[in-house]
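Trainee: Before I ask anything, let me first share the structure, which is written out below as structure tokens.
Here, each number is a calculation from the coordinates, and none is a lab measurement. Everything quoted here is computed from the prediction, not taken from an experiment. Positions of Cβ are backbone-derived with ideal geometry, glycine not excepted, and every protein chain shown enters the neighbour counts.
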Amino acid sequence: MVEVRRPDPEAIARAAALLRSGRLVAFPTETVYGLGADATNDAAVAALFRAKRRPAHNPLIVHLAEAAAAESFASFDERARRLVARFWPGPLTLVLPQRPGSPISRLATAGLDTVAVRVPAHPVALALLRAVARPIVAPSANRSGRVSPTRAQDVVAELGEAVALVLDGGPCAIGVESTVVDLSRPEEARILRPGGVTRDELEAILGPLAEPSRAEAEAPRAPGMLASHYAPRLPVRLDARSVEPDEALLAFGTNEPPGALWTFNLSPSGDLFEAARNLYRALRAADESGARAIAVVPIPKEGIGEAICDRLARAAAPRPDRSSAPEGI
Ligand code: TXA
Ligand code: MG
């Protein structure tokens with residue numbers, strides 16, 4: 001059985017020792033649960049890719065307890081410093097040029113000359129990162145392509161024995177992943193993945209952000225971005241106006257068409273932050289509802305709704321044929 005522990009100081013010290021010895025530890029962040037490994041240890045990072053069945057070309061985010069700890073291997077320009085001052089600790093990941101001689105495993109960055117860094121806001125994550133005192137890679141603690149975990153029991157269901165220890169910090173407050181912003185080119189800043197920090201909040205600091213070109217939307221720069229991802233087991237149907245009797249329904253606000261086998265309202269009051277917090281738990285519960293498919297009503301794309309719609313679009317995207325790829329993609 002996987003060890004799941006309340007994050008008291010003793011459990012955090014044990015988690016830190018496990019990470020330093022190259023083991024994998026899952027921990028809560030304010031966005032989703034992460035699966036941590038020592039970012040400077042090739043064997044630990046390789047074990048992390050194996051545990052998630054993650055394709056080797058999809059790079060990881062390096063987590064730190066404070067921005068200063070990233071200065072030695074990532075190059076922060078003035079835009080990065082302004083974003084850090086406003087949003088760290090918090091749900092923002094910056095893709096920055098990597099400095100020569102960086103101690104980060106080449107596996108973690110998938111051989112790119114950039115590195116993604118983030119200082120999470122969750123007190124348990126920060127306590128753990130301080131105790132380890134090394135950069136920690138932490139992708140969402142799910143099998144690659146599946147729904148991200150927002151509770152400790154989701155991590156156990158996803159990864160089981162591959163994890164040495166799960167720190168149980170209760171449900172995640174934000175519920176969707178960090179916003180990934182690419183600052184690796186001096187002339188432009190762009191959002192690679194919408195998330196917990198909204199476009200409006202970023203544009204208030206950086207000015208207007210570049211929109212992805214059509215070619216980029218089709219061959220995205222954050223590897224693995226547009227393909228099927230965040231996917232429950234059941235097929236997902238978006239923008240549902242009505243439901244079939246054998247469908248599970250994700251409703252929002254007063255938009256709750258009748259007749260579904262099972263219904264989960266993401267936010268009866270129409271609050272997009274509440275909907276984000278409930279999204280992954282709702283997709284997991286829908287999978288267990290006995291329904292044939294999941295229908296989702298339209299969700300407003302403003303604010304954090306952009307991240308919700310992004311995840312739902314990927315959850316509904318055509319799935320790879322997993323039967324011919326037993327290691328997943
Ligand atoms: O909220 C989060 O960010 C969570 C928690 C655990 O911190 N972590 C997370 O990690 O979502 P992951 O591995 O599931 O997603 C990382 C994303 C991927 O889309 C990856 O392609 C992108 O960040 N990424 C990482 N390094 C990159 C780089 N150098 N250039 C472009 N994209 C990068
Ligand atoms: Mg993920």
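Trainee: Among 265, 255, 41, which one moves the most in a GNM of the chain with springs linking Cα atoms closer than 10 Å?
Mentor: So, out of 265, 255, 41, the one fluctuating most is 255.
Trainee: How large is the helix-only mean residue ellipticity at 222 nm for the chain, computed as the sum of -39500 (n - 2.57) over DSSP H runs with n ≥ 4, divided by its residue count, in deg cm²/dmol to the nearest 500?
Mentor: Dividing the helical sum by the residues of the chain leaves -8500 deg cm²/dmol.
Trainee: While we're here: How big is the charge dipole of segment 1-106 about its Cα centre, in debye rounded to the nearest 20, if each Lys and Arg gets +1 on its Cβ and each Asp and Glu gets -1 on its Cβ?
Mentor: I would put it at about 320 debye.
Trainee: For 132, 176, what ranking results if the residue with the fewest other Cβ atoms within 10 Å of its Cβ goes first?
Mentor: Fewest-to-most ranking of 132, 176: 132, 176.
Trainee: Sort 247, 161 so the one with the fewest other Cβ atoms within 10 Å of its own Cβ comes first.
Mentor: Least to most surrounded, the residues fall as 161, 247.
Trainee: Now, a different point. In a Gaussian network model over the chain where Cα atoms closer than 10 Å are linked, find which of 15, 293, 65 has the largest mean-square fluctuation.
Mentor: 293
Trainee: Follow-up question, since we're still on this one. What's the magnitude of the charge dipole for the chain around its Cα centre, counting Lys and Arg as +1 and Asp and Glu as -1 at the beta-carbon? Answer in Debye, nearest 20.
Mentor: Dipole of the chain, to the nearest 20 debye: 740 debye.
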